[in-house]
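The values are calculated or read from the model by the stated rules, or taken from the named source; none is laboratory data. None of these values were measured; they are calculated from a predicted model. Ideal geometry is used to build each Cβ from the backbone, glycine not excepted, and the neighbour counts take in all protein chains shown. Surface areas here come from the heavy atoms of the whole protein model, side chains and all, with no ligands, DNA or RNA. Shrake-Rupley method; radii C 1.70, N 1.55, O 1.52, S 1.80 Å.
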Amino acid sequence: MNTTYNLHQTNEVVGETGKYVCAVGETKELQKGERFPPCPQSQQPTSWSHADHQHRSGEKVTESGHYKDMDGERIELKQGDVFPNCPRSGQPTSWKHN
């Protein structure tokens, strides 16, 4: 997995259930343990990223990578970490893959 950009490649194992979008913009719901498919349009290998998936403060991180909160604060978290409160306000917040 390329944690710098949270991209997943065709045939990698899905680490977290959710909606993913491929390089050409096709969205697909994938389940943990499945493999990332080829592009639905071209049937060629492609990259996939999370499609607007959110996590809340206090939840366990299931996939290492860069995340951004609602205020635009960016952090890097590792699998097993806990999503923190907003670094700026100290209040609970939502986090998205960045």
- line: Averaged per residue, the 1.4 Å probe accessible area of the chain, protein heavy atoms only, in Å², is roughly 58 Å²
Net +/- balance of residues flanking Gln79 in space, Cβ distance below 12 Å, scoring K and R +1, D and E -1: -2
- request: Report the label-to-label distance for Val24 and Ser57 in nanometres (one decimal), using points 7 Å from each Cα along the Cα→Cβ vector.
  value: 4.2 nm
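What does the convex hull of the Cα atoms come to per residue for the chain, in Å³?
Hull volume normalised by residue count: 83 Å³.
Ignoring ligands, DNA and RNA, what percent of the 1.4 Å accessible area of the chain is carbon and sulfur?
Values: 2570 of 5720 Å².
Summing carbon and sulfur atoms, their accessible area is 45 percent of the total for the chain.
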task: Can you list which of the trypsin sites (Lys or Arg not before Pro) found in region 45-78 are DSSP loop residues with at most 14 other C-beta atoms within 10 Å?
output: Lys78
